[in-house]
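Participant: There's a structure below that I have some questions on.
The values are calculated or read from the model by the stated rules, or taken from the named source; none is laboratory data. Everything numeric here is computed off the predicted structure, so don't read it as measured data. Neighbour counts run over all protein chains shown; Cβ positions are idealised from the backbone, glycine included.
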Amino acid sequence: MNWKKRIIVLFSILFAMVLFVACGDGNDNANKNNSNSEGNENGNTNSNDDGEPTTITMMSNLHTPEVPNDRILEILEEKTNVELEIDWVPDNNYNEKLNTAFATGTLPQVMSVGFEQMDQFREAIRDDQFWEIGPYIEEFENLSKLKEPVLENLKVDGKIYGLYQGRPLSRQGYIYRKDWADNLGIEAPTTTEDFYEMARAFTEDDPNDNGKDDTIGLTDRSDLIYGGFKTVSSWCGTPNYWGEKDGELLPEFMFPEYMETMDFFKDLRDNGYINQDFPVTSKDDQQAMFKNGTAGIYVGSIGDVVSIYKDAMDLDPDAEYDVQNYVEGPDGEFGIWAIPGYSSQLLFSKSAIETEEELKDILAFYDHLMTPEISNLIYWGIEDEHYTVTDDDKAEPTDDSDKNDREVKPYMSLEIGEPETNGRHEGFHDYDAKEKAEELIKDNEDYLIHDPTVPLESNTDIEQGERLQEIINDATYNYILGEIDKEGFEAEVEKWRQQGGDDIIEEYNASE
C-alpha cells in the first residue's frame, strides 16, 4: 500500500485535468471502427462491416526481460481476426506508466489494473470514464462462465467494470516431512490439536532418528498473512480480515478466535516448538530451516512443495515431503481464508472506445480468448513445439525453457478466467506431492472464508490503513512473545480505534 500514498496526491491534483481530457474529442488510441457484430459462434465477430480485422489497443504487464517475438501474436490475430497493438510495460514500471496515461488522457482501449490499484480508479469509474460491462457478459458464451464469487469481488457500487485474470482462491495449507512422520508413526494432522502434537513430536521425539536434540516442529516468518498465522487463524474460525458480529462489520482482531490463534502460537513458542525469532525471520531463512532439516512443518502455499523439494534434495536426498490442506479448528469445522480470486482485471476506457458496438467487438475478442484453443495458445504456446499433452490431458512444457520464455510467457498475461472456465490444460507435474497440492488447492474452494470488504470502500483505510495495521501487528507479536497480556492487547486495539480505526469501521459498514 505504500505506492497508494505516493500517488494519491498526484491523483487529487490531476483529477480536474483528467475530467477535461475525458470529455474532449477522444485520443490517438481511440478505435475509429464503428462496427456492428454479425455473428460468430457466440453471436459476435472481431471484424468491421467491410470484413477488416478489429484493431484493439492494450497495455499489458511484461514479466520477462524482453518483449516477445510475433510468433504467437500472428497466430492469435489470425484466429481471432483482430490486430493487437500491445504496449508491453515492464512489471516494475507498470503502475507508474498506467497512472501517467490515466492522468494525461492517453489510455489505450484495454488496460490491466491490479487489485490494490483499483482503489485509485474508483472515482474515475464513478465518473463514467470506464465502460460498465456487467450487462454484456451474459451475451457471450464463454465470458458468462466466469466465476460469480470472483465477479462479485470486482464490483464497484454493485456493478462490474472488468474482466479478471484468475488465480486460485486459496493455496493455503501445510507441507511436512513425511519421512519424520513415518518414523514416529504420525498421520497427517487434520485438527489443530493433532497439528500441535506433530509440532511437539517433531521437536521432542527425535524425528530424524539421529539421537540428537536438533529439530523443531514449525518454522515461521515475520509475515502474519502469508506466513503461518493467518492460515492457522482460519482453522480456528477467525474471519478473513473482516467479519460480521451483531449485524456490524468488524476487523478480524476484534473476534475471540483471533485471540485463540495468538494463544496457539504463544504456546508453540513458549514450548520451543517453533523458531523463537520468527517475528524477525525472513521467508528465505524460514524456508532454509525447512529445507536443511531443522524444522519439519511449513505453513503457507502448499504449491511451494516442488521448489522446496528440489532445493532440499541437494542437502538431504532422503527427505520426503507431503502436503495437507484440511485442518479442523476447536469447533470441529474447517475453513480457509481466500484471496479475491484474481491478480488484476481489465478495464475498458470510454475515451478510447467510443461506441457500444466497438465495446462488443472487443468483448468478443476476449470471449474468443476463453476458448480452449486460444487459451492454450497464449498460456502454453504451440502444441508439440512449446509443450506436449500428456495422457491425462495435462500440458508439459518442452525442455527449451528459454524459447518458451521468449515466445510464450509474456502472452500469459492476456489470459482471462482460469482452467475451470476457459478450458486450458493444467500443468503436468512429475512430483507426486506437487500434483497432490494442486488437487488440494481445488478442494480448498469448498471451504473458503471470504473477505466481505473486498468490493467495499474506506478512504481512511486507503490513507491510514497501513499505519494503523502496524499497531495490530506489533501487538500480535508482543502478545505471542509475552511482552503484553490480553488487557495489553485490548489496549492496543483501542488505540487502533481512536487513531482512525473507528472511521474505517464506520466507512466499510456505510458502503455495504
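Participant: Do we find that Asn153 is of a type outside the set (Ser, Thr, Tyr) and over 30 Å from Gly114 (Cβ atoms) in this structure?
Facilitator: Details: of a type outside the set (Ser, Thr, Tyr): yes; over 30 Å from Gly114 (Cβ atoms): no.
No; evaluated as a whole, the condition is false for this residue.
Participant: Taking Asn376 and the conditions (1) modelled with pLDDT of 95 or more; (2) in contact with a Ser or Thr (Cβ under 7 Å, 6 or more places away or on another chain); (3) of a type in the set (S, T, N, Q), which numbered condition does it fall short on, given that it satisfies the others?
Facilitator: Failing condition for Asn376: (2).
Participant: Any residue at all in the stretch 108-118 that is more than 14 Å from Phe348 (Cα to Cα) and assigned to a loop (DSSP other than H, G, I, E, B)?
Facilitator: Yes, the stretch 108-118 has at least one match.
Each row is one residue, and each column tells you yes or no for (1) over 19 Å from Tyr321 (Cβ atoms); (2) part of a strand (DSSP E or B).
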position	(1), (2)
Pro135	yes, no
Val150	yes, no
Ser170	yes, no
Gly173	no, yes
Asp179	no, no
Gly211	yes, no
Leu218	no, yes
Thr231	no, no
Gly237	yes, no
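Participant: Among the candidates Leu268, Leu218, Leu250, single out the residue that is modelled with pLDDT of 95 or more, more than 23 Å from Ala437 (Cβ to Cβ) and surrounded by 21 or more Cβ atoms within 10 Å (Cβ to Cβ). Break it down stepwise before answering.
Facilitator: Values: Leu218 fails: more than 23 Å from Ala437 (Cβ to Cβ); Leu250 fails: surrounded by 21 or more Cβ atoms within 10 Å (Cβ to Cβ).
When all the criteria are applied, what remains is Leu268.
Participant: May I pose another question? In the stretch 419-450, how many residues are out of contact with any Gly (no Cβ under 8 Å at 6 or more places or on another chain) and in a strand (DSSP E or B)?
Facilitator: Summing the residues that are out of contact with any Gly (no Cβ under 8 Å at 6 or more places or on another chain) and in a strand (DSSP E or B) in the stretch 419-450 gives 1.
Participant: Taking the stretch 225-247 as the region of interest, how many residues are buried (at least 20 other Cβ atoms within 10 Å of the Cβ), out of contact with any Asp or Glu (no Cβ under 8 Å at 6 or more places or on another chain) and of a type in the set (A, V, I, L, M, F, W, C)? First the steps, then the outcome.
Facilitator: From the stretch 225-247, those buried (at least 20 other Cβ atoms within 10 Å of the Cβ) are 227-240, 242-243; that's our starting set.
Checking which are out of contact with any Asp or Glu (no Cβ under 8 Å at 6 or more places or on another chain) leaves us with 230-232, 234.
This time we only want the ones that are of a type in the set (A, V, I, L, M, F, W, C), so: 232.
The number of residues fulfilling the criteria is 1.
Participant: Report, by residue number, each residue of the stretch 152-168 that is of a type in the set (A, V, I, L, M) and not in a strand (DSSP E or B). Spell out how you get there, then give the answer.
Facilitator: Just the residues of the stretch 152-168 that are of a type in the set (A, V, I, L, M), to begin with: 154, 156, 160, 163.
If the condition is that a residue be of a type in the set (A, V, I, L, M) and not in a strand (DSSP E or B), then Leu154, Ile160 are the ones that fit.
Participant: What are the pairs with Cβ atoms under 8 angstrom where one residue, in the stretch 141-153, is within 12 Å of Ala364 (Cα to Cα) and in contact (Cβ under 8 Å) with a residue 40 or more places away in the chain and the other, located anywhere, is in a loop (DSSP other than H, G, I, E, B) and acidic (Asp, Glu)? Sequence gap at least six, or different chains.
Facilitator: Glu141/Glu41
Participant: Residue by residue through the stretch 452-464, note down the ones that are buried (at least 19 other Cβ atoms within 10 Å of the Cβ) and in contact with a strand residue (DSSP E or B) (Cβ under 6 Å, 6 or more places away or on another chain).
Facilitator: Answer for the stretch 452-464, where residues must be buried (at least 19 other Cβ atoms within 10 Å of the Cβ) and in contact with a strand residue (DSSP E or B) (Cβ under 6 Å, 6 or more places away or on another chain): just Thr453.
Participant: Let me ask you something else. Pairs only if they're at least six apart or on different chains, beta carbon under 8 angstrom, first in the stretch 447-466 and in the same structural domain as Leu154 (by TED's automatic domain parsing), second part of a helix (DSSP H, G or I) and charged (D, E, K, R); list them, first residue then second.
Facilitator: Taking only residues 6 or more apart or on different chains, not a single pair turns up.
Participant: If you don't mind, another one. Look at the stretch 332-344 and say how many of its residues are more than 15 Å from Asn444 (Cβ to Cβ) and either surrounded by 24 or more Cβ atoms within 10 Å (Cβ to Cβ) or modelled with pLDDT under 95 (or both).
Facilitator: Taking the stretch 332-344 first, the residues more than 15 Å from Asn444 (Cβ to Cβ) are 332, 342-344.
With either surrounded by 24 or more Cβ atoms within 10 Å (Cβ to Cβ) or modelled with pLDDT under 95 (or both) added as a condition, the list becomes 342-344.
Here the count works out to 3.
Participant: Can I ask one more? Within the group Asp322, Asp391, Asp367, which residue is outside the structural domain of Glu85 (by TED's automatic domain parsing) and over 24 Å from the mean Cα position of the chain (by Cα)?
Facilitator: On the way: Asp322 fails: over 24 Å from the mean Cα position of the chain (by Cα); Asp367 fails: over 24 Å from the mean Cα position of the chain (by Cα).
Asp391 is the lone residue from the list that is outside the structural domain of Glu85 (by TED's automatic domain parsing) and over 24 Å from the mean Cα position of the chain (by Cα).
Participant: Checking Asp304 against (1) touching a strand residue (DSSP E or B) at 6+ places or on another chain (Cβ under 9 Å); (2) in contact (Cβ under 8 Å) with a residue 40 or more places away in the chain; (3) more than 23 Å from Leu448 (Cβ to Cβ); (4) of a type outside the set (Ser, Thr, Tyr), which test does it fail?
Facilitator: Only one criterion is unmet by Asp304, namely (3).
Participant: Can you tell me how many residues in the stretch 61-87 are in contact with a Ser or Thr (Cβ under 6 Å, 6 or more places away or on another chain) and modelled with pLDDT of 95 or more?
Facilitator: Restricting attention to the stretch 61-87, the residues satisfying the condition of being in contact with a Ser or Thr (Cβ under 6 Å, 6 or more places away or on another chain) are 61, 81-83, 85-86.
Add one more test, that the residue is modelled with pLDDT of 95 or more, and what stays is 81-83, 85-86.
The qualifying residues number 5.
Participant: Can you confirm whether the stretch 193-211 contains a residue that is of a type in the set (Gly, Ala, Ser), at pLDDT 95 or above and closer than 30 Å to Glu356 by Cβ? Full working, then the answer.
Facilitator: Going residue by residue through the stretch 193-211, those that are of a type in the set (Gly, Ala, Ser) are 199, 201, 211.
Going one step further and asking which of them are at pLDDT 95 or above, we end up with 199, 201, 211.
The next check asks that each one be closer than 30 Å to Glu356 by Cβ; those that pass are none.
Checked the stretch 193-211: no residue is of a type in the set (Gly, Ala, Ser), at pLDDT 95 or above and closer than 30 Å to Glu356 by Cβ.
Participant: Another question, if that's okay. So is Ile484 part of a helix (DSSP H, G or I) and of a type outside the set (Ser, Thr, Tyr) or not? Even if it seems obvious, please write down each step before you answer.
Facilitator: Numbers: part of a helix (DSSP H, G or I): no; of a type outside the set (Ser, Thr, Tyr): yes.
No: the conditions fail for Ile484.
Participant: Moving on to the next point. Would you pick out the residues in the stretch 203-215 that are in contact (Cβ under 8 Å) with a residue 40 or more places away in the chain, surrounded by 15 or more Cβ atoms within 10 Å (Cβ to Cβ) and farther than 17 Å from Glu193 by Cα?
Facilitator: Within the stretch 203-215, Pro207, Asn208, Thr215 meet the criteria.
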